[in-house]
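What follows is one structure encoded as structure tokens, with my remarks underneath.
Values in this text are rule-based calculations from the coordinates and carry no lab data. Small disclaimer: the values here were computed from a predicted structure and weren't measured. We place every Cβ from the backbone using ideal geometry, glycine too, and count neighbours over all the protein chains shown.
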Amino acid sequence: MAAQILDGKSLAASIRAALKERVAALVQRGVKPGLAVVLAGDDPASRVYVRNKRLAATETGVHSELIELPGTIGQRELRERIEGLNANRAIHGILVQLPLPKPIDAAAVLEAIAPAKDVDGFHEINMGALFAGRPAVVPCTPAGVMRLMEQARIPLAGRHAVVIGRSNIVGKPVAQLLLQKDATVTICHSKSSDLSELTRRADVLIAAVGRPKLVRQDMVKPGACVIDVGVNRLEDGKLAGDVDFQAVKEVAGWITPVPGGVGPMTIAMLLENCIRAASRELEPKPAG
Ligand code: NAP
């Protein structure tokens with residue numbers, strides 16, 4: 001039987017609708033959530049991602065500001081711009097669109113973001129909290145992956161989850177979240193030997209690599225849940241994930257499409273992180 005399609009597009013739309021109500025309630029209490037998006041350079045794909053994120057923010061009632069900077073910007077100037085946003089009370093979330101132009105040390109730039117405004121969850125303090133089992137701000141794509149599986153009631157406790165990819169943005173944090181749901185987790189990467197042998201043992205398979213059709217039908221255990229994080233632009237201009245969707249959907253139990261799977265969930269989680277950051281303004285401040 002063909003797999004159940006995990007429809008990230010419609011789940012993300014319903015999340016955004018609920019967030020819109022939360023924003024309206026916050027505005028009534030005098031807080032308008034604000035998101036700053038920093039775009040350095042003119043990478044065309046980054047431009048599209050930024051446009052989609054800002055569009056979703058505006059539709060949800062979140063104030064969004066685009067800080068467009070030349071690709072030639074220096075490290076120090078970029079840090080100063082971020083420090084300005086840290087101090088800006090109208091901004092609750094700061095997103096630096098990656099990749100940054102070549103000579104810039106992206107890790108150092110991300111560390112300049114105030115952890116409370118780090119809506120991407122990439123700051124070492126937020127990463128550390130996640131890995132210590134006390135998640136504060138969870139990176140958007142891993143959060144979106146988990147929400148999709150939660151909605152579909154995919155069993156995780158005691159199951160074997162295999163994550164292909166070990167980036168700080170997707171692979172490592174998603175593995176950590178799976179572990180927190182009591183899955184037994186294997187993380188694979190470019191040096192893993194016999195990838196197929198590992199993936200065939202997965203009840204849950206997450207592909208976050210950036211290679212079209214890396215995951216073939218014979219690499220998937222029948223009935224497994226297959227989550228495709230990859231976004232690849234094919235020669236014909238179409239988008240594809242890392243999974244051979246047409247073939248794998250014939251054996252998997254659940255599968256995400258690309259586009260329309262994880263991508264829209266990432267944006268919904270970004271807005272959720274930003275709105276949560278804005279809500280903290282209304283929380284009582286600790287005494288002292
Ligand atoms: P990345 O930083 O380039 O990491 C890719 C990972 O894949 C690395 O850990 C790499 O291993 C591993 N890898 C490469 N070739 C492999 C192979 N043949 N077999 C097994 N593992 C292999 O990428 P990323 O930022 O994590 O993103 C991964 C994909 O997700 C990309 O397509 C990206 O566009 C997409 N993405 C989508 C969303 C979304 O919202 N849908 C968000 C973020 C990213 P090594 O560590 O050994 O090099």
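In table form, for the structure just shown:
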item	result
Diffusion constant of the range 132-242 at 25 °C, which comes from Stokes-Einstein with the Kirkwood Cα-pair radius and 0.890 mPa s, µm²/s	173
Computed E for E235/R51 - FRET, C-beta separation, R0 25 angstrom, nearest 0.05	0.60
Under the Karplus curve 6.51 cos²θ - 1.76 cosθ + 1.60, θ = phi - 60°, whole-Hz ³J(HN,Hα) for the range 75-81, x wherever Gly or Pro sits	4, 5, 5, 5, 4, 5, 5
Point-to-point label distance, I125-M1, nm (Cα→Cβ direction, 7 Å offset)	4.9
Antiparallel content of DSSP bridges confined to the chain, in %, to 5	5
For H189, residues with placed amide H under 5 Å, excluding near neighbours	G165
Positive-end residue, the range 36-147 charge dipole about Cα centroid, Cβ charges, pick of G93, M146, G71	M146
Where labels lie 7 Å past Cα in the beta-carbon direction, separation of A106 and A13 in nm	3.2
Local electrostatic count, I15, Cβ distance below 15 Å [Lys/Arg +1, Asp/Glu -1]	+2
Whole-Hz couplings from phi, Karplus 6.51/-1.76/1.60, listed for the range 268-282; x for Gly and Pro	4, 6, 4, 5, 4, 4, 5, 5, 5, 4, 5, 4, 4, 4, 8
Leading residue at positive end of dipole, the range 173-288 (Cβ point charges), from H189, S279, A268	S279
DSSP-loop trypsin sites (Lys or Arg not before Pro) across the range 103-176, with at most 12 other Cβ within 10 angstrom	R153
FRET efficiency, 1/(1 + (r/R0)^6) with R0 35 Å, evaluated for A25 and E77 via beta carbons	0.40
Charge dipole (debye, nearest 20) of the chain; +1 at Cβ of Lys and Arg, -1 at Cβ of Asp and Glu	440
Selection from L110, I5, A45, by position along the positive dipole direction of the chain (Cβ)	I5
Restricting the range 45-81 to GluC sites (Glu not before Pro) in coil, as DSSP defines it, with at most 16 other Cβ within 10 Å	none
Overall Cα dimensions of the chain - principal axes, largest extent first, Å	54, 41, 36
Within the range 67-207: Cβ-based charge dipole about Cα centre, in debye rounded to nearest 20 (Lys, Arg +1; Asp, Glu -1)	300
Length added when fully stretched, D218-R201, from 0.36 nm per residue minus Cα-Cα	5.0 nm
Interchain or long-range residues, amide H under 5 Å from V119's placed H	I94
Three-way shape call for the range 29-125 based on the alpha-carbon gyration tensor, with the a/c threshold at 1.5	oblate
Label zone at S193, where the point sits 7 Å out along the Cα-to-Cβ direction: the range 203-247 residues whose backbone N lies under 12 Å	none
Convex hull volume of the range 71-123 per residue (C-alpha atoms, cubic angstrom)	70
